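The values are calculated or read from the model by the stated rules, or taken from the named source; none is laboratory data. In this text the structure is predicted, and so the values were computed from the model without any measurement. Note that each Cβ is placed from the backbone with ideal geometry, even for glycine, and that neighbours are counted across all protein chains shown. What goes into the accessible areas is simple: the full protein's heavy atoms, side chains included, and nothing from ligands, DNA or RNA. Shrake-Rupley method; radii C 1.70, N 1.55, O 1.52, S 1.80 Å.
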Amino acid sequence: MADDTHDIPAPKPMIEVENLTKLYGSRPAIRDVSFTVGRGEIVGFLGPNGAGKSTTMRILAGFLAATGGTVRVAGHDVADASREVRRRVGFMPENNPLHSDMRVREYLKFRARLKGLGRQASRNRVDEVIEQFDLTDAARQMIGELSKGYRQRVGLADALVHEPAVIILDEPTIGLDPHQVRTVRQCIKQLAENHTVLISSHILPEVEVTCTKLMIFHEGRVVAADTPANLELKLGGQQRITVELEAEPDVLETAWEEMAEVEHHRITPAEGRFQRCRLTPRDGMDLRPEIAALARTRGWPLRELTRDRHTLEDIFVHLTRKDED
Amino acid sequence: MGTFITLTRRELAGHFLSFRGYVILAGVQFLLGLSLLLIVDALNNQPFDLPITEKFPSTGLFWLVLLLVTPVITMRTFAREKSTGTFETLMTTPVSDLQVVLAKFSGAFGFYLLTFLPMAAFPFILKHYAAVFPEVDAGPVASTFLGIALIGSFFMALGCFASSLTRSQIVAAMASFTLGTGIFMVGLLGEISPPTDTPLYAALRYISVLEHMKDFSSGIIDSRHIVFYLSLTAVFLFLTCQTIGSRRWK
């Protein structure tokens, strides 16, 4: 058994990933991904399906080997010291696979033993995680008979049973109802107090509220990595303006073209004689006062003038869109 | 070691936690019971002074068990875990590939041996009911069981290898059935072809599972046979290790 406490210099990041590349045949699943995760951070991997989130997680958990690049978890290289890494990582794969023919306590004990805990230690830890995830009622039930929410909690309990420094959860809330999602989210938040957590999701509100840092994956690359707040700020430049005016479309057309600050515009008819215009300002300028002034001087009745408030959802869609429209 | 025992226990328990396990047990008991019946019948027709165990492989039912049942026992080992995804949770714990392969093999092999356990009572049943029956000779009985175990270990390793190649249990079973039957047929070829002095014939006899079992059942323990099965088992377990390690190839 390796020493768990004295081999990690304190200021080093928990996870260091450098130029990570994984090819499946000749098709790259991830390309040149680099990032670091500090102790106690909750990092959210976001991206559409097939963006490389799961592959990255599988490499971090020591299940797959990378084609290129290095990964260090708690100072251990995933390729050279895979078992050392696996000892320190609690991994819950996509869809949370469990042995349906085992009972909850039996399964957790089995897993604890596999993860190197002794007989007594595993018994104690299993009792603790059963308590922690509120599984006492289900402890003697067959896993195959559990509801999805319970199964998810069993998966989380398993990921945590050996007290890993890093917890990697691949889509932990997929397929759960909103109430269960809230429970699982609560669990994850609690974990952050003592662990470094990586979660992946394509549900934004999920990671928006739980994560301290977001990494957006697209086609095997990390296209953005920052705190949720910073990401919103950074992409503020894309905020569009919606105006509804009563005027002839061709008049509006020329008006927007003459306005230098408008980078892009689109006019669609609205009910009545109103036209709905979507304007993209240059450099994220707020054009509302100019537009209001213009409508007043031209005498166009104005019934709506709003500026999009960018949510993470927009950022996500923007970054992962295949082609600009 | 602790990990290996934990895994093996889980594997063995897995066979008893499924309906399939009991179907296998029932099927094997039926076939073995039938072979007992055939032996009794043979004894009725013409009493002979050879070890009674020698009759056992010649009823053919043992081969049916070996060829049909071993793929069904081993098909779940890796394919099932791969299809349910638990293979991923298993391999991300600090276990080594070798531990996993050996545990899966041991679990399947243990279950295989258990299905033959009731057969140990056969000599005593015969002795109890036969009017005139010579002493049960422990030697040939033991060597017959050794033969069953050795040939079984080879077929188990073969089945584990087939199961490690795919995520479909059906494909795994078909692959190991095909490989196993192929090996059996090669032996059969040696059996039915007229004896010659050619090296090919010698080779056929050397790898004939029928020939080996004939020796084991008549009380002959030939070290060449033991080496043959142990090394083949090792080769297929090594190949299994390579297959499950292949996900880490770059």
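Values computed for the structure shown
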item	result
Residues located in the range B:81-108, provided they are open to solvent by 40 Å² or more (accessible area, probe 1.4 Å) and within 20 Å of the chain's Cα centre (by Cα)	B:Leu102
Scope the range A:210-225; condition in contact with an Asp or Glu (Cβ under 9 Å, 6 or more places away or on another chain), in a strand (DSSP E or B) and surrounded by fewer than 22 Cβ atoms within 10 Å (Cβ to Cβ); matching residues	A:Lys213, A:Arg221
Tally of residues being open to solvent by 30 Å² or more (accessible area, probe 1.4 Å), under 16 Å from B:Ser106 (Cβ atoms) and touching a residue at least 40 places away in the same chain (Cβ under 8 Å) across the range B:238-250	0
Inter-residue pairs, beta-carbon under 6 Å, first facing chain A (nearest Cβ under 10 Å) and in the range B:73-102, second open to solvent by 10 Å² or more (accessible area, probe 1.4 Å) and of a type in the set (Asp, Glu), 6+ apart	B:Phe87/B:Glu81
Odd one out for B:Leu200, checked against (1) surrounded by fewer than 16 Cβ atoms within 10 Å (Cβ to Cβ); (2) assigned to a loop (DSSP other than H, G, I, E, B)	(2)
Of residues in the range A:91-109 being open to solvent by less than 40 Å² (accessible area, probe 1.4 Å), within 9 Å of chain B (Cβ to nearest Cβ) and within 30 Å of the chain's Cα centre (by Cα), the one nearest to A:Gln152 (Cα to Cα)	A:Asn96
Residue match in the range A:153-160 (condition: small (Gly, Ala, Ser) and within 11 Å of another protein chain (Cβ to nearest Cβ))	yes
Answer from A:Asp286, A:Asp250 - the residue that is loosely packed, with under 14 Cβ neighbours inside 10 Å and within 30 Å of A:Lys213 (Cα to Cα)	A:Asp286
Residues (free of Cβ contacts under 8 Å to residues at least 40 places away in the same chain and surrounded by 16 or more Cβ atoms within 10 Å (Cβ to Cβ)) located in the range B:208-237	B:Ser208, B:Glu211, B:Phe228
Residue among B:Leu68, B:Leu34, B:Leu43 that alone is among the hydrophobic types (A, V, I, L, M, F, W, C), surrounded by fewer than 16 Cβ atoms within 10 Å (Cβ to Cβ), away from every other protein chain (no Cβ under 14 Å) and in contact (Cβ under 8 Å) with a residue 24 or more places away in the chain	B:Leu34
Looking only at the range A:62-88, and only at residues there that are in contact with a helix residue (DSSP H, G or I) (Cβ under 7 Å, 6 or more places away or on another chain) and facing chain B (nearest Cβ under 8 Å), the one that is nearest to B:Leu17 (Cα to Cα)	A:Phe63
Single match in A:Ser100, A:Ser54 (criterion: out of contact with any helix residue (DSSP H, G or I) (no Cβ under 9 Å at 6 or more places or on another chain) and touching a residue at least 40 places away in the same chain (Cβ under 8 Å))	A:Ser54
The range A:117-136, residues that are open to solvent by 30 Å² or more (accessible area, probe 1.4 Å), assigned to a helix (DSSP H, G or I) and either closer than 21 Å to A:Pro97 by Cα or not assigned by TED's automatic domain parsing to the domain that holds A:Val184 (or both)	A:Gln132, A:Thr136
Criterion: at pLDDT below 90, in a loop (DSSP other than H, G, I, E, B) and more than 14 Å from every other protein chain (Cβ to nearest Cβ) - qualifying residue of B:Val136, B:Val141	B:Val136
Among (1) in the same structural domain as A:Ala61 (by TED's automatic domain parsing); (2) part of a helix (DSSP H, G or I); (3) open to solvent by 20 Å² or more (accessible area, probe 1.4 Å), the one test that A:Val207 misses	(3)
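Yes or no, residue by residue, for (1) closer than 21 Å to B:Thr84 by Cα; (2) among the hydroxyl-bearing types (Ser, Thr, Tyr); (3) touching a strand residue (DSSP E or B) at 6+ places or on another chain (Cβ under 7 Å):
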residue: A:Val37; (1), (2), (3): no, no, yes
residue: A:Gly47; (1), (2), (3): no, no, yes
residue: A:His76; (1), (2), (3): no, no, no
residue: A:Pro93; (1), (2), (3): yes, no, yes
residue: A:Arg103; (1), (2), (3): yes, no, yes
residue: A:Phe110; (1), (2), (3): yes, no, no
residue: A:Gly116; (1), (2), (3): no, no, no
